[in-house]
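> Here you go, one structure.
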Amino acid sequence: MRLQDTGLTAQELKDMVNQYMIETYPRYDFIAERAEGMYLYDEKGEAYLDFYGGVAVNSPGNRNPKVAAAVKDQVDDIMHTFNYPYTVPQALLAKKICDTIGMDKIFYQNSGTEANECMIKMARKYGIENYGPDRYEIITAKQGFHGRTMGAVAATGQPDTAVQEGFGPMLPGFTYAEYNNLEDFASKITPNTIAIMIEPVQGEGGVHPAEQSFMEGLRRLCDENEMLLLLDEVQTGWGRTGAPMAFMGYGVKPDAVTMAKAMGGGMPIAACCASRKAAAALSSGTHGSTYGGHPVACAAALASISEILDRNLSENAEQVGGYLMKKLSRLPHVKEARGKGLLVGCEYEIPIAMEVKWGCMKRHALITAIGTDINRMIPPLIATKKDVDRLVEIMKEAIEEATEKYRRKNRAA
Ligand code: PLP
């Protein structure tokens, strides 16, 4: 649907959103009407260079033609059914994913947070069934992010932020340890700990990649203590970090892993994949989802994953991501450019990240800000070095403008 078909002005549409929607998002001041490859187009047809990727979703490119064709094709056959009949897209996708990433089983969900709920429930039930009623505790990382439903919120190690604050008592059974600090994780293990759950790169927490020794150490800790290693790859999954799944790049296999975002290439779908041993905890009646494994979303995911694998977009992510980090590190006031593949963070020595984000938007480039000091780039994995050159030019201007504003404010204070 486009604005011109409604008879409304852009302002009337925005007013409608403000009047009727529960707004938890700081909105950009344009209406996204079309998208293609690396670009989003607004209601006036103006193009925006997309280094946001619909929050790391549109990995095979915005409105990838193969994903769009798969959706249209599936819509013509069957859109939704319940999860009792078999469906072709579910079966083909399950095999494709399990074979590609070396996991035994998959459970479909609709969003990243739901996939994490599934993984948390699986681990708790596995612990309780195999070791007794108290063995359900999970250690997660400080500054992690696992989603917005209550289990995932409790798993998110950010007790003093808006993610947890004001929502009453958290689901018990989670302890938080310092990311990339193996000793701290080891020190938090009790006889009731059944799992360790982390992101291979902390995305929302400021773009912090796990060190190789940390990942290997966590695997060792889990093996030595009969615990499960759970990885949240909602953001890192499917090509973003330079490997099909980030854990494959580390050569560290989890007992269960979640995925979403890039998986559907723009359609809402997520999953929890697990080893046979962990997956056995969930049996008939113990877990379910009306829409999980939706045929249209599965058809889209099959096309999205095939595009990412067939076009080797993970390798492109690694190369272009490396180039982006190098260029960002030379920009004024940049303290550090870090990340893995095309999950890139740019940390400043002054608090200008928000201003830089808005400055980029004004110049028609989309990036994200984490807190006051960090910008994050999570573009489609088809991004080229030329796209990076353009973005960095825009960021340079936005940084200069934001710095000037910051200095003026400081002088006035
Ligand atoms: N886990 C991680 C690592 C994420 O980055 C996100 C979202 O950004 C989530 C979970 C939640 O995913 P969703 O918003 O699809 O529920």
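> In deg cm²/dmol and to the nearest 500, what is the mean residue ellipticity at 222 nm of the chain if only DSSP H runs of at least 4 residues count, each as -39500 (n - 2.57), divided by the residue total?
When only DSSP H runs of four or more count, the value is -12500 deg cm²/dmol.
> Rounded to a whole number, what % of the accessible area of region 46-124 do carbon and sulfur atoms account for, probe 1.4 Å?
59 percent
> How many nm separate the modelled label positions at residue 11 and residue 224, each set 7 Å beyond the Cα in the direction of the Cβ?
If labels sit at residue 11 and residue 224, their model points lie 6.6 nm apart.
> Along Cα→Cβ, 7 Å out, is where each label goes; now give me the distance between the ones at residue 397 and residue 212 in nm to one decimal.
Here the modelled spin labels are 4.1 nm apart.
> Give the list, by residue number, of cysteines in the chain with no other Cys Cβ closer than 4.7 Å, or say none.
Lone cysteines by the Cβ rule: 98, 222, 273, 298, 346, 360.
> Residue 365's amide H: which non-local residues (gap 5+, or another chain) put their own amide H closer than 5 Å, with H modeled 1.01 Å from N in plane and none for Pro or chain starts?
49
> So if I average 1/r over every pair of distinct C-alpha atoms in the chain and take the inverse, what Kirkwood radius in Å does that give?
22.2 Å
> Residue 282's amide H: which non-local residues (gap 5+, or another chain) put their own amide H closer than 5 Å, with H modeled 1.01 Å from N in plane and none for Pro or chain starts?
none
> Then there is this: Using the Karplus equation 6.51 cos²θ - 1.76 cosθ + 1.60 (θ = phi - 60°), what ³J(HN,Hα) coupling, rounded to whole Hz, does each residue of region 280-297 give in order, writing x for Gly and Pro?
Karplus-based 3J(HN,Hα) across region 280-297 equals 4, 5, 9, 10, 3, x, 8, 7, x, 6, 4, 9, x, x, 3, x, 5, 5 Hz.
> Still on this structure: Placing +1 on the Cβ of each Lys and Arg and -1 on the Cβ of each Asp and Glu in the chain, which of 345, 191, 108 has its Cα farthest towards the positive end of the resulting dipole?
Of the options given, the answer is 345.
> At R0 = 45 Å, how high is the FRET efficiency between residue 183 and residue 4 if r is their beta carbon distance? Nearest 0.05 is fine.
0.15
> Rounded to the nearest 20 debye, what is the charge dipole size of region 318-370 about its Cα centre when +1 sits on each Lys and Arg Cβ and -1 on each Asp and Glu Cβ?
So the magnitude is around 160 debye.
> Along the positive direction of the dipole of the chain (beta-carbon charges: Lys, Arg +1; Asp, Glu -1; about the Cα centre), which of 16, 53, 247 reaches farthest?
The listed residue farthest towards the positive side: 53.
> Return the Rg/Rh ratio of region 222-342 with Cα-based radii and a Kirkwood Rh.
Across region 222-342, the Cα-based Rg/Rh ratio is 1.06.
> Between region 225-265 and region 358-413, how far is it from one alpha carbon centroid to the other, in angstrom?
29 Å
> Additional query: I want to check the label-to-label distance for residue 276 and residue 100. Put each point 7 Å from Cα in the C-beta direction and report it in nm to one decimal.
2.4 nm
> Across region 102-115, in residue order, what do the Karplus-derived ³J(HN,Hα) couplings come to in whole Hz, using 6.51 cos²θ - 1.76 cosθ + 1.60 with θ = phi - 60° and x for Gly and Pro?
x, 10, 7, 9, 9, 10, 8, 9, 10, 8, x, 5, 5, 4
> Using the Karplus equation 6.51 cos²θ - 1.76 cosθ + 1.60 (θ = phi - 60°), what ³J(HN,Hα) coupling, rounded to whole Hz, does each residue of region 75-87 give in order, writing x for Gly and Pro?
Per-residue couplings from phi come out as 4, 6, 9, 7, 8, 9, 9, 7, 8, 9, x, 6, 10 Hz.
> Excluding residue 321 itself, calculate the net charge of residues whose Cβ lies under 13 Å from the Cβ of residue 321, where each Lys or Arg counts +1 and each Asp or Glu counts -1.
Around residue 321, the surrounding residues sum to +4.
> Cα convex hull of region 227-289: mean projected area in nm², to one decimal?
In nm², the orientation-averaged hull projection of region 227-289 is 4.9.
> With a probe of 1.4 Å, find how much accessible area the chain has per residue, and write the answer as a whole number in Å².
Ligands and nucleic acids excluded, the figure is 45 Å² per residue.
> For region 230-304, give the magnitude of the charge dipole about the Cα centre (Cβ charges: +1 Lys/Arg, -1 Asp/Glu; no others), in debye to the nearest 20.
100 debye
> So if I place +1 on the C-beta of Lys and Arg and -1 on the C-beta of Asp and Glu, and nothing else carries charge, what would the dipole magnitude of the chain be about its Cα centre? I want it in debye, nearest 20.
It comes to approximately 460 debye.
> To continue, here is another question. Filter the cross-link list 72/121; 95/125; 125/253; 96/142; 261/362; 44/409 down to pairs whose alpha-carbon distance in this structure exceeds 28 Å.
72/121; 96/142; 44/409
> A follow-up question, please. If you add up the charges near residue 114, with Lys and Arg at +1 and Asp and Glu at -1, over every other residue whose beta carbon is less than 14 angstrom from its beta carbon, what do you get?
Neighbour charge sum, excluding residue 114 itself: +1.
> Under 5 Å between amide H atoms, partner at least 5 residues away or on a different chain: which partners does residue 373 have, H built in plane at 1.01 Å?
Amide H neighbours of residue 373: 353.
> Here's something else I'd like to know. State the antiparallel share, in %, of DSSP beta bridges confined to the chain, rounding to the nearest 5.
Counting DSSP beta bridges with both partners in the chain, the antiparallel share is about 65 percent.
The values are calculated or read from the model by the stated rules, or taken from the named source; none is laboratory data. Keep in mind it's a predicted model, so treat the numbers as computed, not measured. Methodologically, a virtual Cβ is constructed for each residue, glycine included, from the backbone with ideal geometry; neighbour enumeration extends over all protein chains shown. Please note that ligands, DNA and RNA were not included when accessible areas were found on the heavy atoms of the full protein model with its side chains. Shrake-Rupley method; radii C 1.70, N 1.55, O 1.52, S 1.80 Å.
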